[in-house]
Amino acid sequence: MMAAQEPWPGYDCAMTDLTPDELNAFIPFERVHLSGAPSGPLKGVRFAAKDIYDIAGHVTGCGNPDWRASHGPATATAPTVARLLAAGAELVGKTITDELAYSLNGQNFHYGTPVNVNAPGRIPCGSSSGSASAVAGKAVDTALGSDTGGSVRVPAAVCGIHGIRPTHGRVSLAGVMPLAPSFDTAGWFARDAALMERIGAVLLGEDSAIPAPGVARIADAFALAEPGVRAALEPMAGKAEALLGAKPAIEIGQLADLMITFRKLQAREIWQTHGAWIEKQHPKFGPEVAARFEWARSVASQPIGDEPDRRRSFAARMAAVLGSVGLLLLPSAPDIAPLRGLEGQSSQNFRDRTLSLTCIAGMARLPQINIPAGRVNGCPVGLSLIGPQGSDRAMLALAVQLS
């Protein structure tokens, strides 16, 4: 790795005294602090970073003690973190992640479950669980997460905050632990859309695409959601249609099959990325994460099927659809946050239904933004916009108008 570079004079990296973390959102073994530049568009903004982002001089823990024990300190700070710092934002800590970011439920076997303040007694979902918890709980203004299969969009939805999965490859993942590189993205959370847009101006550069006029619902995605969720999303969906112009609903079709294709592609990449380390270190994982890695091992041991061709075909189809209808609307998650302690078949059912929604953008490398859109039984639910590749900032501006 390259040596650490100072993005401005006076850049510092100091570990502060540990303080009680009522949210259990921050890593428990150290508190990292990075001062922001003296001035900039994000001056006064306090942020956190998921513990898969490198900070020079500190070990990136990735949610697993064996990973932390087998890796040395980072020699450079991840460029995405450095860009926020150079814009004046202040890093106040690193946040808990599911182990190696391979989970959607947010319950870390080793470090516990971050608190979902907007759904007491329920999980924050993951894998960017600590980042979502810290933003929802007002410990920070914004936080970096990552989204491979939904790990920003889903926590944002169930915690009642904004979150974005950018166009694949648009925000740097240098200095960030990879999971499945052709799906991995660097996203972020905030409580208000205006701050999401300000951060986008720092991280995204200029858009390369402008969405066509209009918006269409993904009918079979709405059908996957619980009836109460669909009802709660209706006012925001209607507002989006009034603002953008309603187009006829579309059907993706075979969402369960699309989800399986995504999971196989993701698992193969995950084992290619982490299999050698797992076989060498024999790390202790929580039961569900351990089973997931074993499944990834089994997938990777088989000859590859037609999944890459299916992905290319689906991506081309989605590009054509978006060129016609403009933007797409769908539930960000099918239900409210599950109760803490979710495991076994109930956990798998929630995961499968959720991945059937989130794989749409992931398979086609599209940007997707969650907008808080109501409550069911007192718990938040979210509505998502999906747009063409490269239209992220236009979508963030629309989220401001809808919020």
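Which one is surrounded by the fewest Cβ atoms within 10 Å (Cβ to Cβ) among residues in the range 172-191 that are in a loop (DSSP other than H, G, I, E, B) and free of Cβ contacts under 8 Å to residues at least 60 places away in the same chain?
For the range 172-191, the residue satisfying everything is ARG191.
Can TYR102 be described as touching a residue at least 24 places away in the same chain (Cβ under 8 Å) and crowded, with 24+ Cβ neighbours inside 10 Å?
Working: touching a residue at least 24 places away in the same chain (Cβ under 8 Å): yes; crowded, with 24+ Cβ neighbours inside 10 Å: yes.
Yes, satisfied.
For ALA49, indicate whether it is assigned to a strand (DSSP E or B) and either surrounded by fewer than 18 Cβ atoms within 10 Å (Cβ to Cβ) or not hydroxyl-bearing (Ser, Thr, Tyr) (or both).
Numbers: assigned to a strand (DSSP E or B): yes; either surrounded by fewer than 18 Cβ atoms within 10 Å (Cβ to Cβ) or not hydroxyl-bearing (Ser, Thr, Tyr) (or both): yes.
Answer is yes for this residue.
For the structure I just gave you, tell me whether GLY382 is on the phi > 0 side of the Ramachandran plot and not acidic (Asp, Glu). Give the steps one after another, and end with the answer.
Details: on the phi > 0 side of the Ramachandran plot: no; not acidic (Asp, Glu): yes.
No; evaluated as a whole, the condition is false for this residue.
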## Note on the structure
Condition set over 20 Å from GLY387 (Cα atoms) and aliphatic (A, V, I, L, M), scope the range 229-255, selection farthest from the chain's Cα centre (by Cα): answer is ALA231
#### Entry: Restricting the range 343-372 to residues that are surrounded by 21 or more Cβ atoms within 10 Å (Cβ to Cβ) and modelled with pLDDT under 95, the residue that is nearest to the chain's Cα centre (by Cα)
ARG351
### Summary
ALA300 passes all but one of the listed conditions (1) surrounded by fewer than 16 Cβ atoms within 10 Å (Cβ to Cβ); (2) over 21 Å from the mean Cα position of the chain (by Cα); (3) within 21 Å of THR261 (Cβ to Cβ); the exception is number (1)
### Task
Kindly indicate whether any position in the range 107-128 is in a helix (DSSP H, G or I) and either closer than 25 Å to LEU204 by Cα or among the basic types (Lys, Arg) (or both).
no
## Note on the structure
Matching residues in the range 292-340 (small (Gly, Ala, Ser), in contact (Cβ under 8 Å) with a residue 40 or more places away in the chain and not in a helix (DSSP H, G or I)) number 5
## Note on the structure
Taking the range 199-228 and keeping only residues that are surrounded by 15 or more Cβ atoms within 10 Å (Cβ to Cβ), over 21 Å from the mean Cα position of the chain (by Cα), assigned to a loop (DSSP other than H, G, I, E, B) and of a type outside the set (A, V, I, L, M, F, W, C), one is left with PRO211, GLY214, GLU226
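Is there a residue in the range 322-335 that is β-branched (Val, Ile, Thr) and assigned by TED's automatic domain parsing to the domain that holds LEU383? First the steps, then the outcome.
Within the range 322-335, the first condition is being β-branched (Val, Ile, Thr), and the residues that meet it are 325.
Of the ones still in play, those that are also assigned by TED's automatic domain parsing to the domain that holds LEU383 are 325.
Taking every residue of the range 322-335 in turn, at least one turns out to be β-branched (Val, Ile, Thr) and assigned by TED's automatic domain parsing to the domain that holds LEU383.
Does GLN272 satisfy the condition of being at pLDDT below 95 and either exposed (fewer than 15 other Cβ atoms within 10 Å of the Cβ) or touching a helix residue (DSSP H, G or I) at 6+ places or on another chain (Cβ under 7 Å) (or both)? Break it down stepwise before answering.
Details: at pLDDT below 95: no; either exposed (fewer than 15 other Cβ atoms within 10 Å of the Cβ) or touching a helix residue (DSSP H, G or I) at 6+ places or on another chain (Cβ under 7 Å) (or both): yes.
When the stated conditions are applied, GLN272 does not pass them.
The values are calculated or read from the model by the stated rules, or taken from the named source; none is laboratory data. Keep in mind the model is a prediction, meaning the values are calculated, not measured. All Cβ positions, even for glycine, are placed from backbone atoms using ideal geometry, and neighbour counts span all protein chains on display.
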